[in-house]
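Visitor: Handing you this structure, nothing more for now.
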Amino acid sequence: MKKLLSLISVCLLLFSFSLFPQDRILPADKDVVTGTLNNGVKYYIQKNNKPEKRAELRLYVKAGSVLENDNQQGLAHFVEHMAFNGTKNFAKNELINYLEKLGIKFGPEVNAYTGFDQTVYILTVPTDSIDILAKGFFVLEEWAHNLSFDPAEIDKERGVLIEEWRLGRGAQMRMLDKQLPILFKGSRYAERLAIGKKGILESADYQTIKDFYKDWYRPDLFAVAAVGDFNIDEIKGYIEQHFSGLTSPAGERERIIFDIPKHKDTYFAIASDVEAQYSTCAIYYMQEPKIVNSVSGYRNNLVHDIFYGMLNNRFNELTSSADPPFAYGYAGSQKFIKSADLTLLVAMVKEGGIEKGFEALLREAERVDKFGFTQTELDRQKKSLLRAAEQSLAEKDKTESSEIIRQFEMNFLFDEPLVSVDDRYNLAKEILPLITLDEVNAVASELLSKGNRVVLVNAPEKEGVTIPVEAELAAVIDKVSSEQITAYEDKVVVGPLVKDIPAPSPVISSVGNPALDIVTWTLGNGIKVILKPTNYKNDEILFNAFSPGGSSQVKDEDFLSAAYATALVEESGLEGITSPELEKYLTGKIVEVNPYIDFYSEGIRGGASPKDLETLFQLIYSYFTKPQIDSIGYTSFITKM
């Protein structure tokens, strides 16, 4: 019996070890100081010195247009505008004047936006003045609970908002405003576009506007975030000073999360605009939102990232075909409402080419669903993700504050995990080798489900451009679903780019310039090499090789050929290797090389991680010695142009 119990104990121990990597809670980012004040205000603080003497501040509000009453449609956005038109301590537009006197510019450094589920206020301040830094939190507090709603300012702002409603914030937003009610059909989101209703913007009484602010701008729906070159304890003190005194209104309303109804049929949202610049088609697949707080959830995210990455690689390969169905194709996920995650496939197509592009997106989705990906595709994508995590770790101390603070917004508003750069790398290193091809292929039916699918089409309204109707797009779906689709064949190039390394040209002179911290070499073949060490990045070396000349030297009739020659070379690849094959060869390497011909010069520019310098120089040498323009690359480029 003792032996049996010992054996059971060992088995249980081994079983617990096998579960442990997947089931443990994601580690907290030790560089981020988080907390919640007694009144419910959450805060995020992180010290970061890029850029120096600057700080990014944010006020996040879990309240947007989806919370508006029927008579408030457009007033969440109205309230956001009123934040810049007077507060308790800044009359009318004095706030903007005050900030601009401090050197903070409206637009790039002070701004705001309203979404379905959120309103976000943005402020960038200098930190070399304690007084100005402190004033930044004072301004955030003013926005949080001290808007004045002066009747004269409200009436003045109506015209601004109605003009914004009329112009629709550009052609893309005007088309999206027509499509969102179909994308979110049957839900509250379909009835609550942030731009609102013209009649309400014109006539909403002052109290109705104030009511939205009173109901939803409250401590339990606030978060304050700060990232920058500062002392963390001082920042925490400012947050406590300015936000601890906030109170919730009497009769607090419930913050409801509104669902998106599921549907079996495919919906179609077709929109056009006279100012549209190009045609696109997209397929949206709606899934239940996922909250990631464990390693198993993080692993699932990595599986999805691998899936999207491999599908994007196939789309890129299609753009290099002789008759590309689209100029650009993309697969990925998007989260811009609280109650759903969205997978999207999108393509930019030529005018009149929507059906062809749509068919290509569907066919590739169907091919993946039927046959999955190949092991070589998976191996490359794992390598690429691990290398990206490795570079992020190497550049950790060079990351801009504006990039860091974005993850706080996604954590507070959409429950995205806060994982440090170190842990992302360690998790990638731990998890990626264990992810199998079957595991990745299995998510195709989840991410590309035939149900909860919406097709979006955007196109310019102009003579000669045909925009397909719903029946024509439905016919494309039927056509692809009945096709005999074949499996994908992964063509891979093995071996170095340069098989026979040439004898090096010697350095015949070396001249230093201590004042500029540069050294100039002259090689035996006449090339001058100028080197300058920098510490702007930890994992990056940049280069630019150039000579005088350029397209200004050619005959007029050859100008276009000169202007597009290097683009055609890049489209065609190198001697013996196509452009898609070259991309596959470079997977997992941080390297980029681009030949160019400007008006007065020509050359090659690019860069690489120090780890990939050998590949960088082989690529430079190859572009000099074995460029090619083949018929497929030429036809593909001309078609896309």
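The values are calculated or read from the model by the stated rules, or taken from the named source; none is laboratory data. Note that this is a predicted model, so its numbers are computed, not measured. Glycine also receives a Cβ, built like all others from the backbone with ideal geometry; neighbour counts cover every protein chain displayed. These area figures cover heavy atoms from the full protein model, side chains too; ligands, DNA and RNA do not enter into them. Shrake-Rupley method; radii C 1.70, N 1.55, O 1.52, S 1.80 Å.
Visitor: Which members of the range 130-149 meet the condition of being part of a loop (DSSP other than H, G, I, E, B) and open to solvent by less than 30 Å² (accessible area, probe 1.4 Å)?
Guide: Applying the first criterion (part of a loop (DSSP other than H, G, I, E, B)) to the range 130-149 yields 146, 148-149.
ASN146, PHE149, listed by residue number.
Visitor: Which residue is surrounded by the fewest Cβ atoms within 10 Å (Cβ to Cβ), if the candidates are limited to the range 417-433 and must be touching a residue at least 60 places away in the same chain (Cβ under 8 Å) and part of a helix (DSSP H, G or I)? First the steps, then the outcome.
Guide: Restricting attention to the range 417-433, the residues satisfying the condition of being touching a residue at least 60 places away in the same chain (Cβ under 8 Å) are 417-420, 423, 427-428, 430-432.
This time we only want the ones that are part of a helix (DSSP H, G or I), so: 423, 427-428, 430-432.
Details: ASP423: 20, LEU427: 21, ALA428: 22, GLU430: 13, ILE431: 21, LEU432: 19.
Top of the filtered list is GLU430.
Visitor: If you don't mind, another one. So which of PHE408, PHE414 is under 28 Å from the mean Cα position of the chain (by Cα), of a type in the set (Phe, Trp, Tyr) and buried (at least 17 other Cβ atoms within 10 Å of the Cβ)? Break it down stepwise before answering.
Guide: Values: PHE414 fails: buried (at least 17 other Cβ atoms within 10 Å of the Cβ).
Matching residue, one of PHE408, PHE414: PHE408.
Visitor: If VAL494 meets every condition in (1) without any contact (Cβ under 8 Å) to a residue 40 or more places away in the chain; (2) in contact with a strand residue (DSSP E or B) (Cβ under 6 Å, 6 or more places away or on another chain); (3) among the β-branched types (Val, Ile, Thr) apart from one, which number is that one?
Guide: (2)
Visitor: Within the range 327-386, how many residues are closer than 30 Å to THR114 by Cα and open to solvent by less than 30 Å² (accessible area, probe 1.4 Å)?
Guide: Kept after step one, since they are closer than 30 Å to THR114 by Cα, are these residues of the range 327-386: 328-348.
So of that shortlist, the ones also open to solvent by less than 30 Å² (accessible area, probe 1.4 Å) come out as 329, 331-332, 337, 339-345, 347.
The qualifying residues number 12.
Visitor: Scan the range 160-192 residue by residue and report those that are part of a loop (DSSP other than H, G, I, E, B), open to solvent by 30 Å² or more (accessible area, probe 1.4 Å) and modelled with pLDDT of 90 or more.
Guide: Residues satisfying the conditions are LYS185, GLY186.
Visitor: So, one more: What number of residues within the range 461-484 are at pLDDT 95 or above and outside any loop (DSSP other than H, G, I, E, B)?
Guide: Residues that pass the stated criteria total 11.
Visitor: Are any residues in the range 270-289 closer than 19 Å to LYS335 by Cβ and of a type in the set (A, V, I, L, M), and if so, which ones? Break it down into steps so the answer makes sense when it comes.
Guide: Of the range 270-289, the ones closer than 19 Å to LYS335 by Cβ are 282-289.
Scanning the range 270-289 gives ALA282, ILE283, MET286.
Visitor: Can you list residue pairs whose Cβ atoms sit under 9 Å apart, with the first residue in the range 176-193 being under 17 Å from PHE258 (Cβ atoms) and the second being in a loop (DSSP other than H, G, I, E, B) and among the hydroxyl-bearing types (Ser, Thr, Tyr)? Count only pairs 6 or more apart in sequence or on different chains.
Guide: Partner pairs satisfying both residue conditions: SER187/SER339; TYR189/SER339.
Visitor: Considering the range 265-284 alone, what residues qualify as being open to solvent by 60 Å² or more (accessible area, probe 1.4 Å) and in a loop (DSSP other than H, G, I, E, B)? First the steps, then the outcome.
Guide: Taking the range 265-284 first, the residues open to solvent by 60 Å² or more (accessible area, probe 1.4 Å) are 265, 270, 274-275, 277-278.
Scanning the range 265-284 gives ASP265, VAL274, GLU275, GLN277, TYR278.
Visitor: Give the residue, chosen from THR399, THR466, that is open to solvent by 70 Å² or more (accessible area, probe 1.4 Å) and either touching a residue at least 12 places away in the same chain (Cβ under 8 Å) or of a type outside the set (Val, Ile, Thr) (or both).
Guide: On the way: THR399 fails: open to solvent by 70 Å² or more (accessible area, probe 1.4 Å).
None of the other options fit; the residue is THR466.
Visitor: Report yes if GLU157 is surrounded by 17 or more Cβ atoms within 10 Å (Cβ to Cβ), within 30 Å of ASP229 (Cα to Cα) and acidic (Asp, Glu), otherwise no.
Guide: Values: surrounded by 17 or more Cβ atoms within 10 Å (Cβ to Cβ): yes; within 30 Å of ASP229 (Cα to Cα): no; acidic (Asp, Glu): yes.
No; evaluated as a whole, the condition is false for this residue.
Visitor: If we scan the range 237-245, do we find a residue that is part of a loop (DSSP other than H, G, I, E, B) and either polar (S, T, N, Q) or surrounded by 13 or more Cβ atoms within 10 Å (Cβ to Cβ) (or both)? Can you show your working first?
Guide: First, pick out the residues of the range 237-245 that are part of a loop (DSSP other than H, G, I, E, B): 244-245.
Of the ones still in play, those that are also either polar (S, T, N, Q) or surrounded by 13 or more Cβ atoms within 10 Å (Cβ to Cβ) (or both) are 244.
The answer is yes; a qualifying residue exists.
Every residue, every condition in (1) in contact with a helix residue (DSSP H, G or I) (Cβ under 9 Å, 6 or more places away or on another chain); (2) closer than 23 Å to MET348 by Cα; (3) part of a loop (DSSP other than H, G, I, E, B), yes or no:
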| site | (1), (2), (3) |
| --- | --- |
| MET286 | yes, yes, no |
| LEU302 | yes, no, no |
| ILE306 | yes, yes, no |
| ASN316 | yes, yes, no |
| SER321 | yes, yes, yes |
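Visitor: Condition test on ASP215, is it surrounded by fewer than 17 Cβ atoms within 10 Å (Cβ to Cβ), of a type in the set (Asp, Glu) and either out of contact with any Leu (no Cβ under 8 Å at 6 or more places or on another chain) or in a helix (DSSP H, G or I) (or both)?
Guide: Values: surrounded by fewer than 17 Cβ atoms within 10 Å (Cβ to Cβ): no; of a type in the set (Asp, Glu): yes; either out of contact with any Leu (no Cβ under 8 Å at 6 or more places or on another chain) or in a helix (DSSP H, G or I) (or both): yes.
Spelling it out, it is not the case that ASP215 is surrounded by fewer than 17 Cβ atoms within 10 Å (Cβ to Cβ), of a type in the set (Asp, Glu) and either out of contact with any Leu (no Cβ under 8 Å at 6 or more places or on another chain) or in a helix (DSSP H, G or I) (or both).
Visitor: Check every one of the helices (runs of 4 or more DSSP H) wholly within the range 515-633 and list those with 3 or more residues that are open to solvent by less than 80 Å² (accessible area, probe 1.4 Å), over 23 Å from ASN316 (Cα atoms) and of a type in the set (S, T, N, Q). Break it down stepwise before answering.
Guide: Numbers: elements: 559-572, 579-585, 613-625.
Of the helices (runs of 4 or more DSSP H) lying wholly inside the range 515-633, none has at least 3 residues that are open to solvent by less than 80 Å² (accessible area, probe 1.4 Å), over 23 Å from ASN316 (Cα atoms) and of a type in the set (S, T, N, Q).
Visitor: Return the pair list, or none, for Cβ contacts closer than 8 Å from residues in the range 250-264 that are farther than 18 Å from PRO289 by Cα and part of a loop (DSSP other than H, G, I, E, B) to residues that are open to solvent by less than 60 Å² (accessible area, probe 1.4 Å) and modelled with pLDDT under 95, at least 6 apart or on different chains.
Guide: Every condition considered, the pairs that remain are LYS264/GLY451.
Visitor: Also, quick follow-up: Determine whether THR87 is of a type in the set (S, T, N, Q), under 27 Å from the mean Cα position of the chain (by Cα) and crowded, with 16+ Cβ neighbours inside 10 Å. Write out each step before concluding.
Guide: Details: of a type in the set (S, T, N, Q): yes; under 27 Å from the mean Cα position of the chain (by Cα): no; crowded, with 16+ Cβ neighbours inside 10 Å: yes.
Taking the combined requirement at face value, the residue does not satisfy it.
Visitor: Which condition does TYR206 not pass, out of (1) surrounded by 15 or more Cβ atoms within 10 Å (Cβ to Cβ); (2) in contact (Cβ under 8 Å) with a residue 24 or more places away in the chain; (3) touching a helix residue (DSSP H, G or I) at 6+ places or on another chain (Cβ under 7 Å), if it passes all the others?
Guide: (1)
Visitor: A follow-up question, please. When residues of the range 300-320 are filtered for being surrounded by fewer than 20 Cβ atoms within 10 Å (Cβ to Cβ) and in contact with a Pro (Cβ under 9 Å, 6 or more places away or on another chain), how many remain?
Guide: Number of matching residues: 2.
Visitor: Of everything in the range 445-459, what is in a strand (DSSP E or B), within 30 Å of PRO580 (Cβ to Cβ) and either of a type outside the set (S, T, N, Q) or open to solvent by 50 Å² or more (accessible area, probe 1.4 Å) (or both)? Give them in sequence order. Lay out the reasoning, then the answer.
Guide: Going through the range 445-459, the residues in a strand (DSSP E or B) turn out to be 453-459.
Still in the list and also within 30 Å of PRO580 (Cβ to Cβ): 453, 455-459.
Across the range 445-459, the qualifying residues are ARG453, VAL455, LEU456, VAL457, ALA459.
Visitor: Out of all the residues in the range 356-398, which are small (Gly, Ala, Ser) and outside any helix (DSSP H, G or I)?
Guide: The one that is small (Gly, Ala, Ser) and outside any helix (DSSP H, G or I): GLY372.
Visitor: Filter the range 106-121 for residues that are in contact with a strand residue (DSSP E or B) (Cβ under 9 Å, 6 or more places away or on another chain) and surrounded by fewer than 17 Cβ atoms within 10 Å (Cβ to Cβ); which is nearest to LEU413 (Cα to Cα)? Walk me through how you get there before you give the answer.
Guide: First pass over the range 106-121, keeping only residues in contact with a strand residue (DSSP E or B) (Cβ under 9 Å, 6 or more places away or on another chain): 108-121.
With the extra rule that they be surrounded by fewer than 17 Cβ atoms within 10 Å (Cβ to Cβ), the set shrinks to 108, 111, 113.
Working: PRO108: 22, ASN111: 18, TYR113: 14 Å.
Out of the qualifying residues, it is TYR113.
Visitor: Among the residues of the range 273-285, which ones are at pLDDT below 95 and within 15 Å of LEU180 (Cα to Cα)?
Guide: none
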